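The values are calculated or read from the model by the stated rules, or taken from the named source; none is laboratory data. Keep in mind it's a predicted model, so treat the numbers as computed, not measured. Cβ: placed from backbone, ideal geometry, glycine included. Neighbour counts: every protein chain shown. Heavy atoms of the whole protein, side chains included, go into the accessibility calculation; ligands, DNA and RNA do not. Shrake-Rupley method; radii C 1.70, N 1.55, O 1.52, S 1.80 Å.
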Amino acid sequence: MSSSSLAGLAALALSSLTESQLSFIQNLPKAELHAHLNGCIPISILRQLAESYHPPSPSAPDISEIQNGLETLDNFNLDSIHEFFGAFRTIYALISTREALATATRTVLSQFLEGHPPECTYLELRTTPKHTSTLPLHEYLDAVLSEVERYPPDRAALILSLDRRMPIADRSVISVGKIIGEAIRLKNEGRRVVGIDLCGDPLAGDMTLLEPYIANAKAAGLRITLHIAETTQNPPKETLQLLAYGPHRLGHATFLDEEAKEKVIKEGMAIEICLSSNLICKTVPRLSAHHISYYLERNHPIAICTDDTLPFRNSLTAEYALLLAPPPIGLGLTEAQVERIAKNSLEVAFN
Ligand code: 6MZ
């Protein structure tokens, strides 16, 4: 199946449901726990931001690169997950003022929280902090948090993401040490930061150096989720190292070996499952081969999530439709199973 038809799979699952199944899914209380802010901005908003775009620096994309980037995002097609990360250059240029970032964040929050009924009862949005001449780090964090904090604590919270490409210790730039320090400061000031994530190109960086930083974050009461074993090339040794940091949840966890799976089950680390994302990034060949089945069989806590609604053209409702729709479109789970998964998602939230 091509990426574009895979992108339509969640929508197809949605359209295959009966009215009563759709209403059942829509009205289930549930949490979205794995949504990247800059991967969830609707294309219409990016196009709107492009209208007033001025390159913030000589190295920033010019308007024709922005237009090409928007076309690519609107017709997203991947041969492998490694092609995915370049697409964010356009988005980052477009959100490089406080006003643009606030508009984008408000739209993403309302996309998840303001439908009738809303896509989810509770949203844990995540973003990688950025620092540019037009949007310094503190402004970036304050802009996003101010939008998140318009909602009550039982509806929205923020996770700060570490990108695997970041330097580790240099506090004069955006680094692991800097972000963890900011997350602790914000939490201590009563701002709505609830956790730390590790994301980005799954093959970048040296993950052996994170331990003291993760330990500091945990000691300050922050919860931890890590993108882990997202590709076949992630070495089992790295996966075990990340598990040894004692994360509370795991993103994707597609290629865990037996030893890693055993630890995950034993320690009850919840898995954030992103069905459409894995299919479109071609890390999972088809729905029936998805590792969700392994965790369902063992009654292990999972949360169904969208990951990036822009490139994957999905929604949380459509991801739940994939659970309920009969094979080959969906997994054909029962309503009781789907209800339990939704309940799980609320139970493993960080707030
Ligand atoms: C790993 C991902 C991801 O943080 O700028 N991101 N990292 N695996 C994925 N699955 C396919 N999807 C998104 O949102 C965009 C950033 O989130 C990470 C990438 O680093 C991407 O640049 P923020 O708000």
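Summed over the range 73-93, residues that are away from the ligand (no atom under 13 Å from the Cβ) and open to solvent by 80 Å² or more (accessible area, probe 1.4 Å) total 3. On the given criteria, is Thr225 touching a strand residue (DSSP E or B) at 6+ places or on another chain (Cβ under 7 Å), within 28 Å of Pro118 (Cα to Cα), touching a residue at least 12 places away in the same chain (Cβ under 8 Å) and of a type in the set (Ser, Thr, Tyr)? Considered against the rule, which asks whether it is touching a strand residue (DSSP E or B) at 6+ places or on another chain (Cβ under 7 Å), within 28 Å of Pro118 (Cα to Cα), touching a residue at least 12 places away in the same chain (Cβ under 8 Å) and of a type in the set (Ser, Thr, Tyr), Thr225 comes out as yes. Taken as a whole, the range 153-176 holds at least one residue that is surrounded by 22 or more Cβ atoms within 10 Å (Cβ to Cβ) and assigned to a helix (DSSP H, G or I).
Go through the range 190-208 and give me each residue that's touching a helix residue (DSSP H, G or I) at 6+ places or on another chain (Cβ under 8 Å) and open to solvent by 30 Å² or more (accessible area, probe 1.4 Å). Within the range 190-208, Arg191, Arg192, Asp201, Leu203, Thr208 meet the criteria.
Taking the criterion of being within 16 Å of the ligand (Cβ to nearest atom), open to solvent by 10 Å² or more (accessible area, probe 1.4 Å) and not hydrophobic (A, V, I, L, M, F, W, C), the residues of the range 235-278 that qualify are Glu238, Thr254. Applying the criterion of being part of a loop (DSSP other than H, G, I, E, B) and touching an Asp or Glu at 6+ places or on another chain (Cβ under 9 Å) to the residues of the range 98-121, the residue that is least open to solvent (accessible area, probe 1.4 Å) is Cys120. Only a single item in (1) within 16 Å of the ligand (Cβ to nearest atom); (2) under 20 Å from Val144 (Cα atoms); (3) open to solvent by 70 Å² or more (accessible area, probe 1.4 Å) is not met by Leu49, and it is number (3).
Of everything listed in (1) polar (S, T, N, Q); (2) more than 9 Å from the ligand (Cβ to nearest atom); (3) under 17 Å from the mean Cα position of the chain (by Cα), the single unmet condition for Thr127 is (2). For the range 1-84, the helices (runs of 4 or more DSSP H) that sit wholly inside it and include 3 or more residues that are over 21 Å from Gln337 (Cα atoms) and modelled with pLDDT of 95 or more are 43-51, 63-74. Summed over the range 296-309, residues that are surrounded by fewer than 21 Cβ atoms within 10 Å (Cβ to Cβ) and either under 26 Å from Phe112 (Cα atoms) or within 16 Å of the ligand (Cβ to nearest atom) (or both) total 3. Tell me yes or no: at least one residue of the range 182-189 is crowded, with 22+ Cβ neighbours inside 10 Å and either in a loop (DSSP other than H, G, I, E, B) or of a type in the set (Val, Ile, Thr) (or both). Within the range 182-189, none of the residues are crowded, with 22+ Cβ neighbours inside 10 Å and either in a loop (DSSP other than H, G, I, E, B) or of a type in the set (Val, Ile, Thr) (or both). Residue count for the range 205-247 satisfying the condition of being part of a loop (DSSP other than H, G, I, E, B) and farther than 23 Å from Ser276 by Cα: 10.
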